[in-house]
Each structure stands twice: as structure tokens, then as C-alpha cells.
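Okay, so here's the structure we're looking at.
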Amino acid sequence: MKFGGTSVQDASAFARVAEIVRGESENSPVVVTSAMSKVTDALIDAFDAAKKGDFESAFASLKPHFERHTKVAEELTGGAQQKSFQIELDFADKELNELFIRVTRRSLPLQMLKDAIVSYGEQLASCLLAEVLKAKNLNARQIDARRLIITDEEYGAAAPILSETEKLVQLELEPLIEAGEIPVLGGFIAASRSGETTTLGRGGSDYSAALVGAALRGREIQIWTDVTGVLTCDPRICPEARTIKTLSYEQAAELAYFGAKVLHPKTIQPAVDFGIPVRVCNSHQPSMRGTMILPKADTTPRIVKSIAHKTGITILRITSARMLGAYGFMSAIFQIFERHRTVIDVVTTSEVSVSLTLDNTDAIDAIVKDLTRLGQVKIESQQAVICIVGEGLRGTSGIAAQIFSTISDVNISLISHGASSVNMTFVVKEDQVSEVIKRLHRKFFQVS
Ligand code: ADP
Ligand code: ASP
Ligand code: MG
């Protein structure tokens, strides 16, 4: 059972979580929590301030967040539990102080220090949640996720070493579960083989929950958030977006990858590996059914199930007459991205050109320099990818016509269709994305 930041934002949210966990207490739950809402952002801002040498404000900016934790402990715990959390908070206060000094002095690699600092959001939330559950007579125990999830040393976006993680999760958690205890772990945080703190990337608590659920061959992985399941599109664009009852793993993975923030893109894979259902539900309205993500989705009369989007996308177009009839050209292009550790999202090709989209452009200057040796390169920034997901989209006549006639006045700068049977992906200018999604949502989901 994974609870996101807004599910643990204040005392009443913590109290709701305790009741949701109690409801599953007969089913041997394991609880994974994110940091309290806004805490990860605050820790990152504090790290940035310390990096600029502003140690004082780095530290001062965290005070209100520490107070939010204290307030929850005061309202929902007492005696031994409150004391135990206070000790943890005082310890975090001291450790963070030391870490900020190290940042200003650059006494360790900055990325390593950043993960160590950011991890306090989940460390504190998991400790607090365990104490709240205990105070409510649930047999909870905080477990440091860094003892269970082992990763490489890619700070900020570390990749788990699956076999080791699986063994440790089983070794540590199974005896507790058998003894009727409820382990409570911080999501998002992990450790390298040498014991340094790492993190799994923003929004990574979902992934932590999936890794633990898969290692334990859980009956279900539950993602508790602030909306009722995966919706027909981002509710921040269309407030009328509706809950999708079931999705297949493949559909959910496409949506998550192309921007449906409700699920971290890596969440689905561990579930796929062992055929574990993923349920997405609303901690603010626990009785609502939410979305079930299963190996195969139910067939529904609607072909289009959901629309995801991702902004801040850059298109690179590489054109070269040398590509004509040449083999090895694609490979040469892709090797450049591999060398600069940059992920490509969408690719399209013609006889003499390749267009592709990037989300992360940290290494773009170096990439363009290398690509220029292969051909002419053009960059188009401020683009957005829109991904339409549905069962059998590739094999359904007329779908492309329906999509593009709805937005016939909008310039589409790239289209990818047919690679997967469940999605159609295209790129528009970022400032048009909201209008495009509204129109498509109206077209495919309006009840007339
Ligand atoms: P948590 O803190 O629980 O992990 P997130 O903020 O990471 O929550 O994800 C939930 C948010 O994802 C929702 O509040 C919603 O604004 C956003 N979202 C974007 N696309 C979708 C979608 N298709 N379905 C549901 N939520 C979506
Ligand atoms: N707290 C982390 C973040 O804000 C991880 C998560 O919420 O899943 O990115
Ligand atoms: Mg999230």
C-alpha cells in the first residue's frame, strides 16, 4: 500500500491512512510512504540554497516543514510514540545541518549530498507514519528502505539491482509479516552497494512499492493518491476527466511513460514480471473503486481510454543524404545518445532524415555537436507529446481520422503510430497542448 505526498499532507490525512491500513490489516499489508507533500521540493530548494553558499536560509526554509511533522505527532500520537518521533526529528535536524555544511564546502560529490538531503522527506514521513499507526493500535514497524532497495550509483535516478533487492526484501520483511507486523517503509529512497543513500527519481515512491510488492509476490500493489484512479486525462486540464475502471499493463505503462503523473513510469514492470494487479485509488475517498491495472484489460465499447501528455519536449531532426540506402546509420545516431546517457522518447524516419523527441536535454549541446558529424541538425524546443491510449488502436479503422479532424487547424510536427497496438503519439507546440487535449477529451469522452 503506497501513500503519496498528499495522502500524508497533514494530521487528518495521516488519520485517514491509518484507517485505510486497518481495513487491510487482515491481508498482511506492507506500507510505503512518500514524503509529506511539498517536503521533497523544499529539501531540493534548501540544497540549491546551500550550493550557493546560503547555508542560513537553506536551514531556515525547512523549519516550517519540521513543524508540520511535529504537529501531526502532537495531534495523533503521545507518550512513547511522540518521544520516539521527536528523537528522529532532532537527529534529522542535526544531520541536515551537517549535510548543508558539506554542500557549501563541496566536501563530497554534490549529487551524492543531494540524495542524502532529499531522503529525509521519506525517512521522516515513514517514521511518523509508523508511530501514528502504533498509536492507533496497529502493529507497525518502520524499516529503513535503504537496507532493502539496492541500486547503482546513478544519484537522482538510481536503478535498482533487482536480484539483491528481492532477496533483501524477502529476508527482512517476510519474518515480520509472518509475525503479524506491518512494515512501514519510505518510498523513493534506496542505497548503493557501498551504503550511500540514492533516490529512484522524482515520483519514485510508486516504483518502490512495486519493487517491494513484486519481491513479496504480493496479491495486489495499491497506489493511494489524491485522485480516484487513472483518469481519462490530466484533471488539471479537464476537471471533468473520469476514472478508467480497468487498464492493461501495456496501456498503463504507455500512459505513465507519456506523462500521466499518477503513476511513475517504472511502476508497471515489477508488476508485469509476476502478474500482480495494480490498484490506483483515492485516499481522500477510500470507498471509491479507482482503477485496476491487470495483465489484460476488459473490452469496453470505447476504443480510446485515456489521453496523456508531457510538456517540455525537444525535437531533434537529423537530415543527411548519406543515409540513403546506407546501413549502420541509425546505429551511429543511437550510439551518440547512448554515449550521452540520454533517453529518446519518440522516433520517426524518412529516406534521408530522422526526427526524435527528448525529455531530458541536459546533454543537448554535446549531442548536437556529435550529430552534426552525421548530417544537418535542427532543434525545435517547447514542444509537447500527446499520447492517446486505447485497446486495438492500431487495428481500428478511422481512429486517426477522428483524432486529426478534431484538431485539423493544429500543426502536428511528428506522429508515431503502429509501434504498439495500444497507442498513437504525436507532437504539437507546448502552448497548444491544453486546447488540443480539451478538444480530444470532449470528442472521445463527452456524454451526450
Ligand atoms: P502522489 O503524491 O499521490 O504520488 P502525484 O501528484 O504524483 O500524486 O500524482 C497524482 C496526480 O497526477 C493527480 O493529482 C493528477 O493531477 C495528476 N495526473 C496527471 N494525469 C493523470 C491521469 N491521467 N489520471 C490521474 N491523475 C493524473
Ligand atoms: N517524494 C518524492 C517526490 O516528491 C517521491 C514521491 O513522491 O514519489 O518526488
Ligand atoms: Mg507520485
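Figures for the structure shown
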| quantity | calculated |
| --- | --- |
| Considering residues of the stretch 300-330 that are within 19 Å of Arg373 (Cβ to Cβ) and of a type in the set (Ser, Thr, Tyr) only, the residue surrounded by the most Cβ atoms within 10 Å (Cβ to Cβ) | Ser320 |
| Residues located in the stretch 17-32, provided they are more than 24 Å from Thr267 (Cα to Cα) and either within 16 Å of ligand 3 (Cβ to nearest atom) or touching a helix residue (DSSP H, G or I) at 6+ places or on another chain (Cβ under 9 Å) (or both) | Arg22 |
| Pick from the stretch 220-249, criterion in contact with a helix residue (DSSP H, G or I) (Cβ under 7 Å, 6 or more places away or on another chain), more than 8 Å from ligand 1 (Cβ to nearest atom) and open to solvent by 10 Å² or more (accessible area, probe 1.4 Å), ranking: nearest to Ala308 (Cα to Cα) | Ile237 |
| Verdict on Ile177 being hydrophobic (A, V, I, L, M, F, W, C), more than 15 Å from ligand 2 (Cβ to nearest atom), over 21 Å from Arg219 (Cα atoms) and in contact (Cβ under 8 Å) with a residue 40 or more places away in the chain | no |
| Set Phe100, Phe85, Phe66: member being closer than 18 Å to Lys114 by Cα, away from ligand 3 (no atom under 16 Å from the Cβ) and in a helix (DSSP H, G or I) | Phe100 |
| Within the stretch 338-391, tally of residues that are touching a helix residue (DSSP H, G or I) at 6+ places or on another chain (Cβ under 6 Å) and open to solvent by 30 Å² or more (accessible area, probe 1.4 Å) | 5 |
| Selected residue [touching a strand residue (DSSP E or B) at 6+ places or on another chain (Cβ under 6 Å), within 19 Å of Pro301 (Cβ to Cβ) and touching a residue at least 12 places away in the same chain (Cβ under 8 Å)] from Leu371, Leu358, Leu393, Leu414 | Leu393 |
| Filtered residues of the stretch 262-285 (kept if exposed (fewer than 15 other Cβ atoms within 10 Å of the Cβ) and in a loop (DSSP other than H, G, I, E, B)) | Gly275, Gln285 |
| Residue count, the stretch 184-219 (criterion: aromatic (Phe, Trp, Tyr) and open to solvent by less than 20 Å² (accessible area, probe 1.4 Å)) | 1 |
| Out of Leu133, Leu138, sole residue that is part of a loop (DSSP other than H, G, I, E, B), open to solvent by less than 20 Å² (accessible area, probe 1.4 Å), touching a residue at least 24 places away in the same chain (Cβ under 8 Å) and more than 16 Å from ligand 2 (Cβ to nearest atom) | Leu138 |
| Flag if Ile44 is within 21 Å of Ala140 (Cβ to Cβ) and either part of a loop (DSSP other than H, G, I, E, B) or at pLDDT 95 or above (or both) | no |
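The values are calculated or read from the model by the stated rules, or taken from the named source; none is laboratory data. Note that this is a predicted model, so its numbers are computed, not measured. A quick note on method: Cβ atoms are made from the backbone with ideal geometry, for glycine too, and the neighbour counts reach across all protein chains shown. Note: accessible area is taken over every heavy atom of the protein model, side chains too, but ligands, DNA and RNA are not part of it. Shrake-Rupley method; radii C 1.70, N 1.55, O 1.52, S 1.80 Å.
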